[in-house]
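The values are calculated or read from the model by the stated rules, or taken from the named source; none is laboratory data. Everything numeric here is computed off the predicted structure, so don't read it as measured data. Cβ atoms come from the backbone with ideal geometry, glycine included; neighbour counts cover every protein chain shown. With ligands, DNA and RNA removed, areas are computed over all heavy atoms of the protein, side chains included. Shrake-Rupley method; radii C 1.70, N 1.55, O 1.52, S 1.80 Å.
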Amino acid sequence: MRFSSSRSSRSMKLRLAALTVAAAASFAAANIAVAADADKGKIAFTKNGCWQCHGFEGQGSEATSNGRVIARTQLPLDAFKAFVRTTNGAMPPFRPAVLSDDDLDNIYAYLQSRPRPKAASDIPLLNNTRTQ
Amino acid sequence: MSDPRVIKKYPNRRLYDTVESRYITLADVRRLVVEKIDFVVVDKKNNADITRSILLQVIAEQEHLPEPMLTQDFMVDVIKTLDIKYLPANPASSYRGIHESLINYGKNTMPEFLTCMHEESSVAMCHGYFKATGKPLMTLVHGVVGLQHATMSVYNAWCDRVPVIILGGNDMDAAHRAPGVPTFHSAQDINAIVRDYTKWDDTPVSAQHFAESFVRMYKIATTPPYGPVMMSLDGGLQTDPVRDFGQPLYIPKFFAAAPPQGDLAAVKEAAKLLANAERPVIVVDRAARTQNGVDLLVQLAELLQAPVVDQGNRMNFPNTHYLNRPANVISQADVIIGMELSDYWGTVNGFLDNGNNGFGQNTSKIKPGTKLISISSVDLLTKSNYQDFQQFQSVDISMPGDAEATLPSLIEAVKSAVGNDRKDAIAKRGDGIRQAHAKGLVATKEAAAIAWDAQPISTARLLMETYAQIKDENWSLVSTAGNTSNWANRLWPMEKYYQWLGASGGYGVGYGAPASVGAALGNRDLGRFSVSIQSDGDLMYAPGVLWTAARHKIPLLAVMHNNRGYHQEVMHIQRMSNFRNRVANIGNDLAPIGTSIMNPDIQYHELAKSMGWWAKGPITDPADLGPAIKEAVAVVKTGQPALVNVVTQPR
């Protein structure tokens, strides 16, 4: 994962917490902090309509997000937030009047908390289809 | 050719049909003549061929009928010459005359009346049936109100270039028709409402006029570019005796017209450009009308080792073929040939809808100087009012003509134009595309794996659980209403023309359910297994078509993509809110007010059950999905329709 050089201590805390959980769930304190943020993030992700184009799991869709997967996004938090605030493409901007910084942080935590997808090769239904 | 049907004449002078195993009358013999069934009449006593004398008896009897033949009976005779198998329709008084003749005089066969609950369903059933079988159906509509109901489906058929024969009842005699309701349901010109999106229409005023117009409309509808046609049937004409013009009535014989082809000089010029291109790309939308069209496209693509972008309004090109590539390959093209594209401008340009009042930005998707070639029969059929002709695109070589009919000469011209010095480069190009294709498939499967176990169920999981249960059937994916991220086209192996029937054409929601039933009807008779992905919003436009499927025993597996909203609109309103820097008001739902289909959630499985379907749901756990579809498949194989209601991710 890449990190941007300028980032707030809060975003650092979030990211490190998310990484900690992903790597080892034994840090109980971090686990609780992230679970709370990710849970709030899930609510914000739903309430603010992010799911509409990105799916409830951030899996994306061919038609609406050009297949872009934002679950476990590789984008650093600051870049993620900057994009959401300023995008003027097919995705509309979500400015502070519509979505608070806290909500955006929580949404990021929610996306980072999404489970790592199974390998396609481990899913029989995906190997029982066209081969060419 | 099969042996002629044997009719035996017994000593008691009765005639016995050895195929239908019953005694028949001279009227039945006349029917055989009208239906062009080859037969011989044999005298049981001595095996003598007495066909000629029996035919003379038929003629003599015809001339001595106590009443003149009714016009509507003659109309049925005309209709029967065109091999129209079914007539899905909602009953209406304005066509009661011909309705009665069809089911009594015509014995409800060729065509067989199928009871519909909405004219939008009737026309869309004809639409789906044609794409599955290549044979048009006819429908009858109540002149004013029935046709008003039908209009969206007519527009879909128009945009999707599908022939549908529509007859509408109308009582034009203002002095004699019944007052009140029948007069509300009459108009000077009922056809006016669909004239902008039908190929031809007429209002015959005599039996002979009907005969000529019916055969003419059938011919116009079935000549590429195909399209719907409309006839107003006057109430008086349907009930009057045949007027005697002093000439016998006759039924013009139908001969299919040869489809229009691209100009040969232009074909040669196009072939030269393609043969000498470094990166030619073939883009197809409704290029294939039959399996032969698919096979010809494979030939052309292999000859050029050119990637093919299948835009998918028909099954044009096998997705298992390495030359099948995604739309973005056009960005590197130096020559693009577009065949039967519904939107050439939109193929080579992008439109970014990022304004808050519907304004956006245009961008080019191709390099400057890319040569553009077009073959399109729709160039021969442009009308003014409705904008289905899309934004204007300049092309270097434009061939108004049918793509499938033009392909053989284009293939020959390309063979001649490819010089020996080009052959190595062309083969090398193919190797690169083969690698890209394989890589693309891996990436697609990885994308499908994301959120595989999610609830609501992912659209990838929905499609792949479905495929797992039908892959050993002779399947036909008749419709994917809604939007499931194209997973079927991306992961189901599609090689046969009938495995993918495209979409609605005009994007009028409500096409999926009835078109699926119509296609399933055609597939039933051809021994195929029909499956549809049925969205929630689409089903609720006219769900009565579920009853029609059960009533007429049309086997169809409908797997629901139930995302509980008009999702396109969900996103539009969200985006408008954001561009205007306002919080979208979602009320008590998940999506902006006016776009959700929840609170209460519709129990589609109960709805289907109430109309005679086997149904199960709501399925929310992906682990339950496969077993539910398996059960449904077993039901469909007994000849019944079955629906599985699945709560899904949005797209």
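Residue selection: A:V98 fails the criterion of being open to solvent by 50 Å² or more (accessible area, probe 1.4 Å), facing chain B (nearest Cβ under 8 Å) and not small (G, A, S).
For B:I593, indicate whether it is surrounded by fewer than 16 Cβ atoms within 10 Å (Cβ to Cβ), closer than 30 Å to A:T87 by Cα and within 14 Å of chain A (Cβ to nearest Cβ). Full working, then the answer.
On the way: surrounded by fewer than 16 Cβ atoms within 10 Å (Cβ to Cβ): yes; closer than 30 Å to A:T87 by Cα: yes; within 14 Å of chain A (Cβ to nearest Cβ): yes.
So B:I593 passes the test.
For B:S416, the conditions (1) surrounded by 13 or more Cβ atoms within 10 Å (Cβ to Cβ); (2) part of a helix (DSSP H, G or I); (3) modelled with pLDDT of 95 or more; (4) more than 14 Å from chain A (Cβ to nearest Cβ) are fulfilled apart from (1).
For the range A:34-50, a residue qualifies if it is facing chain B (nearest Cβ under 7 Å) and surrounded by 21 or more Cβ atoms within 10 Å (Cβ to Cβ), and exactly one does: A:G49.
Is the range B:547-556 home to any residue that is crowded, with 24+ Cβ neighbours inside 10 Å and assigned to a helix (DSSP H, G or I)? Please lay out each step first, then the result.
Taking the range B:547-556 as the starting set, the residues that turn out to be crowded, with 24+ Cβ neighbours inside 10 Å are B:548-549, B:554, B:556.
Filter once more, so that each one left must be assigned to a helix (DSSP H, G or I): B:548-549.
For the range B:547-556, residues crowded, with 24+ Cβ neighbours inside 10 Å and assigned to a helix (DSSP H, G or I): present.
Residue check: A:S65 meets all listed conditions (1) touching a His at 6+ places or on another chain (Cβ under 6 Å); (2) open to solvent by 20 Å² or more (accessible area, probe 1.4 Å) but one, namely (2).
Selection over the range A:76-92 of residues that are at pLDDT 95 or above and either closer than 27 Å to B:T459 by Cβ or facing chain B (nearest Cβ under 9 Å) (or both) gives a count of 3.
Scanning the range B:457-485 for residues that are in a loop (DSSP other than H, G, I, E, B) and buried (at least 24 other Cβ atoms within 10 Å of the Cβ) turns up B:S458, B:A481, B:G482, B:T484, B:S485. The residue that is nearest to B:V267 (Cα to Cα), counting only those in the range B:396-413 that are over 29 Å from the mean Cα position of the chain (by Cα) and surrounded by 17 or more Cβ atoms within 10 Å (Cβ to Cβ), is B:A413. Evaluated against (1) within 23 Å of the chain's Cα centre (by Cα); (2) within 30 Å of A:K118 (Cβ to Cβ); (3) among the basic types (K, R), B:K383 falls short on exactly one condition, (2). Those strands (runs of 3 or more DSSP E) of the range B:307-367 in which at least 1 residues are of a type in the set (G, A, S) and open to solvent by less than 20 Å² (accessible area, probe 1.4 Å), considering only elements entirely within it, cover B:335-339, B:349-352.
Screening B:Y498 on (1) within 14 Å of chain A (Cβ to nearest Cβ); (2) of a type outside the set (V, I, T); (3) buried (at least 24 other Cβ atoms within 10 Å of the Cβ); (4) within 18 Å of B:V162 (Cα to Cα) shows it passes everything except condition (1). Does the range B:229-239 hold any residues that are touching a strand residue (DSSP E or B) at 6+ places or on another chain (Cβ under 8 Å) and farther than 19 Å from B:T81 by Cα, and which are they? Matches in the range B:229-239: B:S232, B:D234, B:G235, B:T239. Has the range B:518-534 got at least one residue that is over 21 Å from the mean Cα position of the chain (by Cα), at pLDDT 95 or above and either within 14 Å of chain A (Cβ to nearest Cβ) or more than 13 Å from B:S479 (Cβ to Cβ) (or both)? Checking the range B:518-534: not a single residue is over 21 Å from the mean Cα position of the chain (by Cα), at pLDDT 95 or above and either within 14 Å of chain A (Cβ to nearest Cβ) or more than 13 Å from B:S479 (Cβ to Cβ) (or both). Taking the conditions exactly as written (modelled with pLDDT of 95 or more and either out of contact with any Cys (no Cβ under 8 Å at 6 or more places or on another chain) or more than 10 Å from every other protein chain (Cβ to nearest Cβ) (or both)), does B:A481 satisfy them or not? Here the answer is no, as B:A481 does not meet what is asked.
So, in the range A:82-93, how many residues would count as being in a loop (DSSP other than H, G, I, E, B), within 17 Å of the chain's Cα centre (by Cα) and under 19 Å from A:V69 (Cβ atoms)? Working first, answer last.
Looking only at the range A:82-93, we keep the residues that are in a loop (DSSP other than H, G, I, E, B), and these are A:87-93.
Pick out the ones that are also within 17 Å of the chain's Cα centre (by Cα) and you get A:87, A:91, A:93.
Going one step further and asking which of them are under 19 Å from A:V69 (Cβ atoms), we end up with A:87, A:91.
Within the range A:82-93, residues that are in a loop (DSSP other than H, G, I, E, B), within 17 Å of the chain's Cα centre (by Cα) and under 19 Å from A:V69 (Cβ atoms) number 2.
Could you say whether any residue in the range A:105-114 is surrounded by 19 or more Cβ atoms within 10 Å (Cβ to Cβ) and part of a loop (DSSP other than H, G, I, E, B)? The answer is yes; a qualifying residue exists.
I'd like to check something: does the range B:384-395 contain any residue that is more than 14 Å from chain A (Cβ to nearest Cβ), closer than 16 Å to B:V283 by Cβ, out of contact with any Gly (no Cβ under 7 Å at 6 or more places or on another chain) and open to solvent by less than 50 Å² (accessible area, probe 1.4 Å)? Within the range B:384-395, one or more residues are more than 14 Å from chain A (Cβ to nearest Cβ), closer than 16 Å to B:V283 by Cβ, out of contact with any Gly (no Cβ under 7 Å at 6 or more places or on another chain) and open to solvent by less than 50 Å² (accessible area, probe 1.4 Å).
I need the full set of residues from the range B:101-131 which are over 19 Å from the mean Cα position of the chain (by Cα) and open to solvent by less than 20 Å² (accessible area, probe 1.4 Å), in order please. Once the filter is applied, which keeps residues that are over 19 Å from the mean Cα position of the chain (by Cα) and open to solvent by less than 20 Å² (accessible area, probe 1.4 Å), the range B:101-131 yields B:S101, B:L102, B:G106.
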